[in-house]
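J.: Below is the structure I would like to discuss, written out as structure tokens.
The values are calculated or read from the model by the stated rules, or taken from the named source; none is laboratory data. Because the structure is predicted, anything quoted here is derived from the model rather than measured. When we count neighbours, we look across all protein chains shown, and the Cβ atoms used for this are built from the backbone with ideal geometry, even at glycine.
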Amino acid sequence: MRSIALLNQKGGVGKTTTTANLGACLAMLGKKVLVIDMDPQANLSVHLGVDIHNLKYSVYNLIMGECKPEEVIINTGIENLDIIPANIELSGAEIELVGVVGRETVLKEYLGDVLDTYDYVLVDCPPSLGLLTLNVLTFVHELFIPLQTEFFALQGVSKLLDTYEVVRKRLNHNLEITGIIFCMYTSRARLCNEVIEKVKEFPPLGDKAFTTIIRKNVKLSESPSHGKPIISYAPGSHGSEDYRALAKEVVQQENSKVS
Ligand SMILES: Nc1ncnc2c1ncn2[C@@H]1O[C@H](COP(=O)(O)OP(=O)(O)O)[C@@H](O)[C@H]1O
Ligand SMILES: [Mg+2]
């Protein structure tokens, strides 16, 4: 089982789009995949067709200890792709957890060993480094960092890396940055290539970038409103092609690991 968080405290960089589409593409390759929506905006849940207004349980109930993991996991309608959905209730969780002992590890604790039944667990983080994100960072083993190929892309990366180092030291020694994903690439801008070069100057990021670069593609921005991943909504699009290539590269990481 690989557990991977899509992390960047900047909003609008492609976390949710990547969680939904990478998850769907890995499922298409026959992998058993669970995605977890940890953003109170619930964009991931909506993207994958979940009716967030009629949920019996959401991730909020799970971290409050109000339901079992088996009760909150639902199938997305796509074979091999399950989700723990969120809704707006999650926005109160950070405050409600303040007085709770072990508040950084409630998610890990309540998930228990249900994760072991999956090949991949992908977690969509909220755009902050607050308590919800800490709860993710304490149980995943890997981080994928989506970056936009634009001038401000690296703003905030130092802060993100500081948090990463603190979490590694105090809460989760197993945490590793294992992938940088460039999203919304437009080949015309020379700037894009400059950003790709600049990333190499941040030691823990270094050479972690995936070869696959996700191009800007209008079909990717349309698919959430249809409640479908790109491979169902527009299978022949560039977006579909790119995320399928990324999924293959993610699987290949396992073969290239020296054990
Ligand atoms: N490669 C892409 N091409 C075009 N639009 C994209 C692409 N990736 C993401 N988007 C759109 O950009 C917006 C922000 O992406 P999103 O994945 O929601 O970012 P985040 O989760 O980091 O806030 C969304 O409207 C999404 O549909
Ligand atoms: Mg998002």
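J.: Among the residues of the stretch 172-186, is there at least one that is more than 25 Å from Val121 (Cβ to Cβ) and surrounded by fewer than 21 Cβ atoms within 10 Å (Cβ to Cβ)?
T.: yes
J.: Still on this structure: Among the numbered conditions (1) part of a loop (DSSP other than H, G, I, E, B); (2) over 15 Å from the mean Cα position of the chain (by Cα), tell me where Leu111 comes up short.
T.: (1)
J.: Could I ask something else about it? Could you list, in sequence order, the residues of the stretch 124-154 that are out of contact with any strand residue (DSSP E or B) (no Cβ under 7 Å at 6 or more places or on another chain) and within 16 Å of ligand 2 (Cβ to nearest atom)?
T.: Pro126, Pro127, Ser128, Leu129, Gly130, Leu132, Thr133, listed by residue number.
J.: Give the residues of the stretch 239-259 that are hydrophobic (A, V, I, L, M, F, W, C) and part of a helix (DSSP H, G or I), sorted by residue number.
T.: Of everything in the stretch 239-259, those that are hydrophobic (A, V, I, L, M, F, W, C) and part of a helix (DSSP H, G or I) turn out to be Ala245, Leu246, Ala247, Val250, Val251.
Rundown of residues vs (1) within 15 Å of ligand 1 (Cβ to nearest atom); (2) at pLDDT below 95, yes/no style:
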| position | (1), (2) |
| --- | --- |
| Pro146 | yes, no |
| Gln155 | yes, yes |
| Asn174 | no, no |
| Cys192 | yes, yes |
| Val199 | no, yes |
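J.: Which residue is nearest to Asn75 (Cα to Cα), if the candidates are limited to the stretch 97-110 and must be surrounded by 13 or more Cβ atoms within 10 Å (Cβ to Cβ) and out of contact with any Phe, Trp or Tyr (no Cβ under 7 Å at 6 or more places or on another chain)?
T.: Checked the stretch 97-110; the qualifying residue nearest to Asn75 (Cα to Cα) is Tyr110.
J.: Give the residues of the stretch 198-238 that are over 22 Å from Ile83 (Cα atoms), of a type in the set (A, V, I, L, M, F, W, C) and assigned to a loop (DSSP other than H, G, I, E, B), sorted by residue number.
T.: Phe202, Leu205, Phe210, Ile213, Ile214, listed by residue number.
J.: Okay, next question. Please specify each residue of the stretch 183-197 satisfying the condition of being assigned to a loop (DSSP other than H, G, I, E, B) and out of contact with any Ser or Thr (no Cβ under 8 Å at 6 or more places or on another chain).
T.: Result: Ser187, Arg188.
J.: Name the pairs whose Cβ atoms lie under 6 Å apart, with the first residue in the stretch 70-88 and buried (at least 24 other Cβ atoms within 10 Å of the Cβ), the second of a type in the set (D, E, K, R), and 6 or more positions between them or separate chains?
T.: That search, which allows pairs on different chains as well, returns Pro85/Asp37; Ala86/Asp37.
J.: Also: Any chance the stretch 89-106 includes a residue that's β-branched (Val, Ile, Thr) and within 16 Å of ligand 1 (Cβ to nearest atom)?
T.: No, the conditions are met nowhere in the stretch 89-106.
J.: Would you pick out the residues in the stretch 31-56 that are away from ligand 1 (no atom under 12 Å from the Cβ) and either among the β-branched types (Val, Ile, Thr) or within 17 Å of Gln253 (Cβ to Cβ) (or both)?
T.: Within the stretch 31-56, Lys31, Val33, Val35, Ile36, Val50, Ile52 qualify.
J.: Collect the residues in the stretch 111-144 that are among the polar types (S, T, N, Q), surrounded by 16 or more Cβ atoms within 10 Å (Cβ to Cβ) and within 16 Å of ligand 1 (Cβ to nearest atom), keeping them in residue-number order.
T.: Thr133
J.: Give me the pairs, please: first residue somewhere in the stretch 114-141 and modelled with pLDDT of 95 or more and among the aromatic types (Phe, Trp, Tyr), second residue anywhere and within 16 Å of ligand 1 (Cβ to nearest atom) and not in a strand (DSSP E or B), beta-carbon distance under 9 Å, and either six or more positions apart or on two chains.
T.: Close Cβ pairs (under 9 Å, with a partner that is within 16 Å of ligand 1 (Cβ to nearest atom) and not in a strand (DSSP E or B)) amount to Tyr120/Leu22; Tyr120/Gly23.
J.: Now for a separate question. Might you check whether a residue that is surrounded by fewer than 24 Cβ atoms within 10 Å (Cβ to Cβ), free of Cβ contacts under 8 Å to residues at least 24 places away in the same chain and not in a helix (DSSP H, G or I) occurs anywhere in the stretch 16-39?
T.: Within the stretch 16-39, not a single residue is surrounded by fewer than 24 Cβ atoms within 10 Å (Cβ to Cβ), free of Cβ contacts under 8 Å to residues at least 24 places away in the same chain and not in a helix (DSSP H, G or I).
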